[in-house]
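The values are calculated or read from the model by the stated rules, or taken from the named source; none is laboratory data. No experiment lies behind these values; they were computed from the predicted model shown. Cβ coordinates were reconstructed from backbone atoms using ideal geometry, including for glycine residues, and neighbour counts include every protein chain displayed. Please note that ligands, DNA and RNA were not included when accessible areas were found on the heavy atoms of the full protein model with its side chains. Shrake-Rupley method; radii C 1.70, N 1.55, O 1.52, S 1.80 Å.
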Amino acid sequence: MTVRKRKGAIVGFGFIAEKGHLPAYQASEDLEIIAVADVSGSRRAWAAQLLPGVRIYEDVGSLLHCEQDLDFVDISTPPYAHAMVAKHALERGLHVLCEKPLATSIADAQGLLAQAEKQRRVLFPSHNYQHAPVIKAVRAILEAGTIGSVHSVTLNTFRNTHAKGVRDWNTNWRREKRYSGGGIAMDHGSHTFYLAFEWLRGYPTAVTAKMSTLGSFDTEDNYVCTLDFPTGIATAHLTWTAGNRKVIYTLHGDNGAIRVEDDELEISVMQGTPSDNPNQPTKWNIEKQSVSSKWMDASHSAWFSSLFEEFSEAIDQRDFVGKQAQDALHCMDVICTSYASANDGCRELPLHSFLS
Ligand SMILES: NC(=O)c1ccc[n+]([C@@H]2O[C@H](COP(=O)([O-])OP(=O)(O)OC[C@H]3O[C@@H](n4cnc5c(N)ncnc54)[C@H](O)[C@@H]3O)[C@@H](O)[C@H]2O)c1
C-alpha cells in the first residue's frame with residue numbers, strides 16, 4: 001500500500017535546511033518537500049538545482065498564497081523571522097516545524113503556542129540534541145535507574161567561533177541582534193536548557209546569568225547561568241571564544257554520575273553508601289563507553305531523521321502543543337530572563353510557570 005507523504009515547504013534554504021534537514025526528508029517515508037522560499041536569489045537557484053520539480057518562491061507570503069496542497073512548513077530562517085512565518089503558517093492551517101529558538105521573545109513564543117492550540121495544528125521545535133545517539137544513551141541509563149535521581153547537572157558548550165550562515169545572505173547574522181535576537185544564549189541556549197529540563201524532570205523556577213562580548217558585535221559571545229529547579233540545580237557555560245570545540249555535560253544522581261564529553265560517556269556508580277569513617281573512602285565502579293554521535297558535523301544531519309519521526313507522530317496523534325512546544329516556551333523564558341538578569345547586575349530573577 002502506498003501511503004501519501006505529508007507535503008512540506010522549507011522557508012529559509014540555508015545551511016541547516018540543506019545540510020541537516022534535506023537529507024532527512026530525502027530518507028523519510030512520511031514527509032516530502034514540495035516548495036521552498038528564500039529571500040536570496042542564489043539560494044533559490046541552488047535549491048532549484050538540488051530539488052528538481054520543487055516550486056521555488058522569493059518570500060513566504062507568495063509561497064503560502066500559491067501552495068494549496070501543503071501539510072506543513074519547516075522554518076529554517078534566522079530567528080528574527082520564526083514567529084512571523086509560524087504565525088502565517090498556522091493561520092493557513094499548516095503544521096509547523098521550527099528551528100530553534102522558537103521566537104525571540106516570551107510573548108511571541110506564548111502567542112504561537114496559543115495559536116497552535118486554537119488552530120489545532122502541531123507546533124514542533126527543532127530540539128535535535130535530544131536525538132543525538134549519546135544523549136539517547138544517557139536517557140537509557142537514567143531510565144534504568146543506574147545513578148538514581150539526578151539533582152545537579154552542568155552543561156558546557158565550547159565553540160571557537162560562532163556558527164556561520166551561508167555566504168549568500170549574511171554569514172555573520174548570529175552577531176547582529178536584529179536578525180538573531182541575541183548571541184550564544186539565544187543561539188545555543190535552547191539545546192542546553194531542554195536537556196536540563198529532561199535531566200532534572202521539570203522546569204526551573206529562577207535564573208541568574210552573566211554574559212560578555214569580546215568582539216565589536218552587538219550580541220554576547222560568552223554566557224554563564226545558574227538555574228534553580230524544584231529537584232536541584234543546573235549550571236551552564238556557553239562560549240564562542242573557546243580554545244576547542246566540545247560539549248561536556250555532567251549529571252549527578254543519588255548513586256552515581258554520568259559524564260558526556262562529545263561521544264565519550266563515563267558512568268560512575270557508587271559501591272555501597274558513603275561511610276562516616278574517613279578510613280573507608282567511597283568506591284566507584286566506572287564504566288566507559290563511546291557512542292558515535294558525529295558532534296563535529298555542525299549540521300547534525302544524522303539526528304534529524306529521528307526528530308522528523310517524532311514530528312510526524314505528533315501530527316498523527318494530534319498532539320498540537322506537546323512537551324516539545326512547552327519546552328521551547330520555557331527555553332525562551334530562560335533565555336529572555338537571562339538577558340534581564342545579566343543587565344541587572346546578575347540578579348536572580350524568577351521564571352514563569354506558564355500554568356494555564
Ligand atoms: N538545530 C540545529 O542543530 C541547528 C544548527 C544550525 C542552525 N540552526 C538554526 O537554523 C536556523 C538557520 O540557521 P542557518 O545556520 O541555516 O542560517 P543560514 O544563514 O545558513 O540560512 C538562513 C537562510 O534563510 C534565508 N532567509 C533569511 N531571511 C529569510 C526570510 N525572511 N524568508 C525566507 N528566507 C530567509 C537566507 O537567505 C538563508 O538562505 C537558525 O534558527 C539556527 O538557529 C539549528
Q. Within the stretch 234-253, can you find the residues that are under 20 Å from the mean Cα position of the chain (by Cα) and surrounded by 16 or more Cβ atoms within 10 Å (Cβ to Cβ)?
A. A234, T235, A236, H237, L238, T239, W240, V247, Y249, T250, L251
Q.
Consider the stretch 127-148. How many of its residues are surrounded by 22 or more Cβ atoms within 10 Å (Cβ to Cβ) and in a loop (DSSP other than H, G, I, E, B)?
A. 2
Q) Looking at A48, is it part of a helix (DSSP H, G or I), farther than 23 Å from K164 by Cβ and open to solvent by 20 Å² or more (accessible area, probe 1.4 Å)? A) yes
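Might you let me know whether the stretch 261-270 holds any residue that is open to solvent by 80 Å² or more (accessible area, probe 1.4 Å) and out of contact with any Leu (no Cβ under 6 Å at 6 or more places or on another chain)? Give the steps one after another, and end with the answer.
Quick first cut of the stretch 261-270, residues open to solvent by 80 Å² or more (accessible area, probe 1.4 Å) only: 264.
Pick out the ones that are also out of contact with any Leu (no Cβ under 6 Å at 6 or more places or on another chain) and you get 264.
Taking every residue of the stretch 261-270 in turn, at least one turns out to be open to solvent by 80 Å² or more (accessible area, probe 1.4 Å) and out of contact with any Leu (no Cβ under 6 Å at 6 or more places or on another chain).
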**Q.** The lone exception for S216 - which of (1) within 16 Å of the ligand (Cβ to nearest atom); (2) free of Cβ contacts under 8 Å to residues at least 12 places away in the same chain it fails
**A.** (1)
Q) Picking from S299, S312, which residue would you name as being small (G, A, S) and touching a Gly at 6+ places or on another chain (Cβ under 8 Å)? A) S299
Q.
Filter the stretch 282-309 down to the residues that are within 15 Å of H127 (Cβ to Cβ), open to solvent by 30 Å² or more (accessible area, probe 1.4 Å) and either hydrophobic (A, V, I, L, M, F, W, C) or within 11 Å of the ligand (Cβ to nearest atom) (or both) and list them by number.
A. none
**Q.** Of residues in the stretch 182-207 being under 12 Å from D221 (Cα atoms) and not small (G, A, S), the one farthest from the ligand (Cβ to nearest atom)
**A.** I184
Q. What's the number of the condition H151 fails, among (1) open to solvent by 20 Å² or more (accessible area, probe 1.4 Å); (2) part of a loop (DSSP other than H, G, I, E, B); (3) not aromatic (F, W, Y)?
A. (2)
Q: Scan the stretch 162-181 for residues that are more than 11 Å from the ligand (Cβ to nearest atom) and either buried (at least 19 other Cβ atoms within 10 Å of the Cβ) or closer than 16 Å to E99 by Cα (or both) and jot them down.
A: R175
**Q.** Selection count, the stretch 221-233, where residues are charged (D, E, K, R) and open to solvent by less than 10 Å² (accessible area, probe 1.4 Å)
**A.** 1
Q) Has the stretch 99-106 got any residue that is farther than 25 Å from A325 by Cβ and near the ligand (Cβ under 9 Å from one of its atoms)? A) no
